Amino acid sequence: MCWSTVSRIVTEQAPAYAPTAKGTVEALFTWIGRKFAHRLPGTTKATPVARGAYDSAAAARAAGITLDVLEELFYRAIVDSYMQEWDRLRGQRRIVLWEEAVAEYGVPQWLGSHDDLTLLLLRAHNLRNRPSGRYRVQAGHGISFQGRRYVSPGLTDRLRGQEVDIYYDRRDIAVIYLFVDGVHVGEAYCPALAGRRVSEWEARTLERASRTAARAANEEARGHLTAIQEDAQRGRRAQYRETLQKERQRQLDRQRPEIHTEQVAAVLAALADSPDQEDGEPSATPRALPLPVPDEDRRPVRRPAIHRREGDGH
């Protein structure tokens, strides 16, 4: 709570567990709990008695409300419901009171420094070095945070050997803010995210999908490698037979141009390169076939000899 004097504004911290000293904000918290949070599917209610036989986990799975959706619903509840209600103490709708206050006094601005605002709004998660609760900058590797590497050209070199505090926004973890002894010294960026806005929950989902795909790809690759090793260990006699078979096939392939004409060889090559094949059968209309060559119009004609038979009257 605060009050203004002629020269300055004095701010005091409200006492803990004293709702009567901060009735305005406590009324908002009560409204959020009773009219918004506990009416959504998946709520756990205030107490087990209030929950009763309600299955919170099943309702949450059926609704499928993620944190991003919950955030959007919360904004809508404040703007479209809470601000539209009638304030009995002031005798007017809250949105009208807000617009009148903004027209007269303007929008309240943060009076502190930007670093203090970052410390208040962003989330700190310091579990890297448990004795100190801070992250240490590694030489040549930047800062490892939540399994990702963050770099800051020029800054990490100056912070090498020091311990820093990390603050981040869960809606965008491509950037983290570095603090040393409570002073903001700069930002670090994640090259793996390539400048994309990725929330903490989206990054966790992408990592799970990537691990599943990587596991399937590695299993398939190991299966092929095992088959290769088994083929390599079949013995000298089996390898010799395969070598003879490959050499025989190579000799037959070399004889193919001697058997067929150039026109037929071009058609066979086009059929082999055509991607339109199903079930091992070549396509009826292969691509890149050579143009047909028409026969010449004038060519010598050999007339068949006609022999006369005896007894003809000619």
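Laboratory data are not the source of any read-out in this text; all were calculated from the coordinates shown. Remember, it's a predicted structure, so these values are computed and weren't measured experimentally. Heads up, the Cβs are rebuilt from the backbone with ideal geometry, glycines too, and the neighbour counts pull from every protein chain shown.
List of remarks:
- Per-residue ³J(HN,Hα) for the range 57-74, Karplus 6.51 cos²θ - 1.76 cosθ + 1.60, θ = phi - 60°, Hz, x for Gly and Pro: 5, 5, 5, 5, 5, 5, 6, x, 7, 8, 5, 5, 5, 4, 4, 5, 4, 5
- Relative packing of 172-178, 224-230, which averages over residues the other C-beta atoms within 10 Å, highest first: 172-178, 224-230
- Candidate lysines for bridging to Lys22, where Cα separation is under 23 Å - those fewer than 8 sequence places away on the same chain excluded: Lys35
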